[in-house]
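Comments concern the structure below.
The values are calculated or read from the model by the stated rules, or taken from the named source; none is laboratory data. The model shown is predicted, which means the values in this text are computed figures rather than measured ones. In this analysis, Cβ positions are derived from the backbone assuming ideal geometry, glycine residues included, and neighbour counts consider all displayed protein chains. These accessible areas exclude ligands, DNA and RNA; they are computed on the full protein's heavy atoms, side chains included. Shrake-Rupley method; radii C 1.70, N 1.55, O 1.52, S 1.80 Å.
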Amino acid sequence: MPGWAGRGGRQRRAFVVGGALLAIAALMLLAAWLSTGFLSDLLLNLGSSVVLAAISYVIFDPLFEEARKARVQEHLSFDQQTFVTRLHRSGRRVRILDTWTILLEQRYREETLTAIRAALANGAQVQLLLLDPDCTAAQQRSEELERQRVDVPRQIRTNLRHLAAFAEALDSRLRHRLQVRLYDASPSIQLYQWDGRALISFFPIGKLSFNVPQLEVDMDSPWGGFVHARFEELWEHEQATLVLERYWSVTVTLRHDDSDVVEVRVPYATVDGQHYVDCRGFRVTAPLTMRAALPPRAPGAAPAVFTLAEPTDEDRTPAAAVQRHFDQKYGHGDGEREIYRLVSVPDGPRTPAPRTSAVGDAHGR
């Protein structure tokens with residue numbers, strides 16, 4: 001628990017302050033013993049009072065601190081401006097657990113990213129855990145918010161696009177302290193933590209979580225311990241989380257005549273269970289296959305070999321829908337994408353697949 005370090009620090013503070021008061025009291029009593037008359041009586045009374053104050057501080061300060069931690073403040077809704085201000089001053093830890101965050105919408109994005117940069121410069125570790133836009137839970141959350149006309153997967157993809165650009169622009173000294181992961185689970189708790197305090201709420205049916213009451217808690221309190229455990233459970237779950245780098249692109253090995261040619265990273269998307277890659281950086285000149293580990297969520301999965309097929313409107317997922325998915329994930333960008341569907345090559349001798357693209361002389365962009 002992160003609260004152990006804070007609790008230990010406060011206990012040390014209580015003993016240090018109490019010890020200092022006892023030392024002062026001992027000096028006063030010694031001076032009273034060496035003095036006579038009124039000064040001796042005064043020092044004796046003051047010394048005795050300081051002893052009682054020291055004992056009271058050591059005993060009651062931890063009790064008052066526990067009472068303060070147990071106090072929960074309720075806010076009617078999420079105050080973006082206040083949280084951004086707190087981000088600027090954070091120097092230890094910032095954590096966000098949400099489906100997507102309103103802080104990266106256009107009206108708040110610049111201030112939020114500036115505040116995150118300031119927290120990183122202060123030495124804070126910044127961790128964001130957002131819902132995987134391609135998981136079933138994201139679609140279910142969209143259905144819950146149907147009356148609000150909120151496309152949850154699209155909102156998340158937009159968040160991730162801006163976070164990827166922000167991380168890329170960061171100085172290397174700060175980039176390693178920014179971590180973004182995606183989780184594949186039913187969203188249950190919303191967490192916005194700055195150092196030792198946090199705002200928490202739950203996901204109501206049919207309402208945005210930003211517009212419901214928020215509980216401000218101390219992370220050393222039982223409430224804080226509960227949401228910390230939930231965050232850690234999702235963050236460390238290898239099968240349920242995906243780091244931003246693996247969401248953003250996938251490493252593939254280009255092969256020609258069953259021989260490896262070059263290893264590159266390419267943009268990709270998963271739509272209706274089918275995997276697609278953007279080969280805009282390659283020149284199409286010769287038959288080629290790809291070896292890649294997909295889906296990228298599975299750690300240590302054995303790479304499979306794929307041929308490349310051009311998507312068409314006769315496919316289960318029309319080519320236009322695949323193009324829209326890429327636009328949501330990567331933005332419209334400049335130039336035309338060259339999107340291909342990955343077709344698994346069965347074990348054994350490879351036979352040419354129908355409508356298979358030919359790609360060769362791969363080079364980086």
Taking Ile102 as meeting all but one of (1) among the hydrophobic types (A, V, I, L, M, F, W, C); (2) open to solvent by 10 Å² or more (accessible area, probe 1.4 Å); (3) modelled with pLDDT of 95 or more, write down the number of the exception. (3)
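Is it the case, given these coordinates, that Thr85 is closer than 17 Å to Leu208 by Cα and either open to solvent by 60 Å² or more (accessible area, probe 1.4 Å) or of a type outside the set (A, V, I, L, M, F, W, C) (or both)?
no
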In the range 160-189, the residues that are among the charged types (D, E, K, R), within 14 Å of Pro133 (Cβ to Cβ) and assigned to a helix (DSSP H, G or I): Arg161
Among the residues of the range 115-159, which ones are acidic (Asp, Glu) and open to solvent by less than 20 Å² (accessible area, probe 1.4 Å)? Asp132
The condition of being open to solvent by 50 Å² or more (accessible area, probe 1.4 Å) and either aromatic (Phe, Trp, Tyr) or under 24 Å from Ser142 (Cβ atoms) (or both) holds, among Asp260, Asp171, Asp272, only for Asp272
Checking the conditions here, which among Glu310, Glu232 is open to solvent by 10 Å² or more (accessible area, probe 1.4 Å), among the acidic types (Asp, Glu) and under 29 Å from Arg141 (Cα atoms)? Glu232
Restricting the first residue to the range 256-278 and requiring it to be over 13 Å from Met290 (Cα atoms), which pairs with a second residue that is at pLDDT 90 or above and basic (Lys, Arg) meet a Cβ separation below 7 Å and a spacing of at least six or different chains? Ala269/Lys329; Gln274/Arg341
Top-ranked residue of the range 209-229 - restricted to ones that are open to solvent by 40 Å² or more (accessible area, probe 1.4 Å) and closer than 23 Å to Gln140 by Cα, ranked as modelled with the lowest pLDDT: Asn211
Could you list, in sequence order, all residues of the range 88-99 that are over 17 Å from Gly224 (Cα atoms), open to solvent by 10 Å² or more (accessible area, probe 1.4 Å) and touching a strand residue (DSSP E or B) at 6+ places or on another chain (Cβ under 8 Å)? Arg89
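For the range 235-260, what are the residues that are among the acidic types (Asp, Glu) and more than 30 Å from Leu191 (Cβ to Cβ)?
Within the range 235-260, the subset among the acidic types (Asp, Glu) is 236, 238, 245, 257-258, 260.
Asp257, Asp258, Asp260, listed by residue number.
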Single unsatisfied condition, Cys279 versus (1) modelled with pLDDT of 85 or more; (2) surrounded by 13 or more Cβ atoms within 10 Å (Cβ to Cβ); (3) under 21 Å from the mean Cα position of the chain (by Cα): (3)
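Is the range 177-186 home to any residue that is open to solvent by less than 10 Å² (accessible area, probe 1.4 Å) and touching a residue at least 12 places away in the same chain (Cβ under 8 Å)?
yes
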Inter-residue pairs, beta-carbon under 9 Å, first more than 27 Å from Leu163 (Cβ to Cβ) and of a type outside the set (A, V, I, L, M, F, W, C) and in the range 331-350, second modelled with pLDDT of 65 or more and part of a loop (DSSP other than H, G, I, E, B), 6+ apart: Arg341/Glu310; Arg341/Pro311; Arg341/Asp315; Arg341/Thr317; Arg350/Asp258
So which residues in the range 300-319 are under 18 Å from Asp258 (Cα atoms) and at pLDDT below 85? Ala302, Pro303
